[in-house]
Amino acid sequence: MIQPITAPVGRPLTTAVTGTTGKTTVATATLQLLRAAGLRAAGCDSTGIDDVHGAVRPAQFRRSAPTTCTVR
């Protein structure tokens with residue numbers, strides 16, 4: 001069921017996408033749906049950062065240091 005939502009007063013509406021595969025696709029589709037609904041929306045995914053004005057810049061994520069697990 002789809003129901004209309006409204007952003008909390010004084011706060012932005014925030015969404016997050018987690019999982020193993022499909023995050024960039026879902027994040028991009030969500031951003032497009034929010035904008036199509038007339039909401040000001042920004043996005044951040046592996047392809048870059050898309051601000052509320054549509055300007056895109058590269059994402060510069062810092063990766064965690066690799067860890068080593070030793071099984072004895």
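The values are calculated or read from the model by the stated rules, or taken from the named source; none is laboratory data. Bear in mind the structure is a predicted one, so any value in this text is a computation, not a measurement. Note that each Cβ is placed from the backbone with ideal geometry, even for glycine, and that neighbours are counted across all protein chains shown.
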Exercise for the section: Considering every residue within region 29-41, establish whether at least one is at pLDDT 80 or above, touching a strand residue (DSSP E or B) at 6+ places or on another chain (Cβ under 8 Å), surrounded by 10 or more Cβ atoms within 10 Å (Cβ to Cβ) and not in a helix (DSSP H, G or I). Expected result: no
Practice task
Mind telling me which of the residues Gly10, Gly19, Gly54, Gly48 ends up being surrounded by 10 or more Cβ atoms within 10 Å (Cβ to Cβ) and either modelled with pLDDT under 75 or under 16 Å from the mean Cα position of the chain (by Cα) (or both)?
Solution key: Gly48
